[in-house]
Amino acid sequence: MVEKRVCWGLLSTARINERLIPAIRASERSELLGVASRSKERAQAYAKQWDIPHAYGTYQQMLADPAINVIYLSLPNYLHTEWAVKCAEAGKHVLCEKPLAITTEEVARMAQVAEGNGIIIQEAAMMRFHPQTRYLRKLVANRAIGDIRLIRGVFAFTLENPGDIRLDMNMGGGSLWDLGSYCVSFARTVLQAEPVEVSAYQVCGDSGVDLSFSAQMQFPTGTLVHFFSSFQSFPHIEADFLGTEGRIYADIPWVNHIGASANVQVMRSGNVEGMSTFSDSMEGRTTDTKTYANINAYQCEVDSMVENVLDGTEPVVSLADSWKNVAAIVALHESARTGKPAKPAT
């Protein structure tokens, strides 16, 4: 009896594929069969470079191949909906690079087509699949540091290529859609709640796309979330939580560094007699560290998608979840544009 397998096709030759190709090949029940580009020559060159069996000169040709049953969609943001819908209509499951879409209407369209065709469409926000994210959510749920008052995050680097599609507003570019989307998804996930109001400020380039974005989100729990995303700063990533009884610090919250370990530090208050009037003494405080040694979040993402398709498990990132993430980001853009607070659609 032949074991069921997920046979992958890469829809586009985007650079992000380089993170997925090794993960697909390391997945026991996966096989990478093909890559599609807008030209036969480009597809063939890419297939040769990465030792992929089949090259397709159009996206439709790959969708017509019955041997392929899952598509990794890594096109520019503004094309996600069009091709995710076409994949679903062709009977292909879809792992779509984040952000899933750039309007809530687009996510709703994907959900309608996915349900109608019995297909999985899932957003590839890789940090959502990493066990560290589940651990942080558990810490918050169990009130490891009491009530969360503040979550703060930074995701920034310098984007020097002027022709990069992430600098094109018409393609769904900008630091918020690219980097800030992780921060928004992360906060919503660990809090298991949705922001009720957001406010934001942006620094835009000549094309109008946001190069730096500073935002605050208010949650019904009373938690405030502040994050900064940027294409114009020294590379930096971090996230920390400030609670009524302690602090949590994550040094690699949303970037996948193969070969590096991610660490979560949990600092708690000590119960010390004679503590100062302002409770600012460092005496008696404890720090526990949990280390995730070289876990590839892209591997977690691929393996999870394989289980969804072959074993019928529930997707880690549901379409309803992605809809809410897009709603929050759209509201953040509105606030930055108008200079006023905005409420995400519900």
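Laboratory data are not the source of any read-out in this text; all were calculated from the coordinates shown. Because the structure is predicted, anything quoted here is derived from the model rather than measured. Cβ sites come from the backbone with ideal geometry, for glycine too, and all protein chains shown count toward neighbours.
Miscellaneous remarks
- Residues being over 28 Å from A250 (Cβ atoms), outside any strand (DSSP E or B) and of a type in the set (A, V, I, L, M, F, W, C) are represented in the stretch 116-123 by at least one member.
- Exactly one residue out of T104, T58 is surrounded by fewer than 24 Cβ atoms within 10 Å (Cβ to Cβ) and either more than 23 Å from K40 (Cα to Cα) or touching a Gly at 6+ places or on another chain (Cβ under 8 Å) (or both): that is T104.
- Criterion (part of a strand (DSSP E or B), farther than 25 Å from Y135 by Cβ and under 20 Å from the mean Cα position of the chain (by Cα)) met by exactly one of V225, V198, V203, V154: V198
- Put simply, of V302, V309, V326, V317 the only residue that is under 24 Å from I16 (Cα atoms) and either in contact with a Lys or Arg (Cβ under 7 Å, 6 or more places away or on another chain) or assigned to a loop (DSSP other than H, G, I, E, B) (or both) is V317.
- Among the residues of the stretch 250-266, those that are surrounded by 17 or more Cβ atoms within 10 Å (Cβ to Cβ) and not in a loop (DSSP other than H, G, I, E, B) comprise A250, A262, V264, V266.
- Tally of residues being charged (D, E, K, R) and out of contact with any Ser or Thr (no Cβ under 9 Å at 6 or more places or on another chain) across the stretch 74-98: 4
- Looking only at the stretch 206-218, residues that are hydroxyl-bearing (S, T, Y) and assigned to a strand (DSSP E or B) come to 2 in all.
- Number of residues in the stretch 82-97 that are in contact with a His (Cβ under 9 Å, 6 or more places away or on another chain), more than 14 Å from M62 (Cβ to Cβ) and touching a residue at least 60 places away in the same chain (Cβ under 8 Å): the value is 1.
- Residues satisfying the stated conditions in the stretch 182-228, i.e. farther than 19 Å from L100 by Cβ, of a type in the set (A, V, I, L, M, F, W, C) and without any contact (Cβ under 8 Å) to a residue 60 or more places away in the chain: V190, L191, A193, V203, C204, V209, L211, F219
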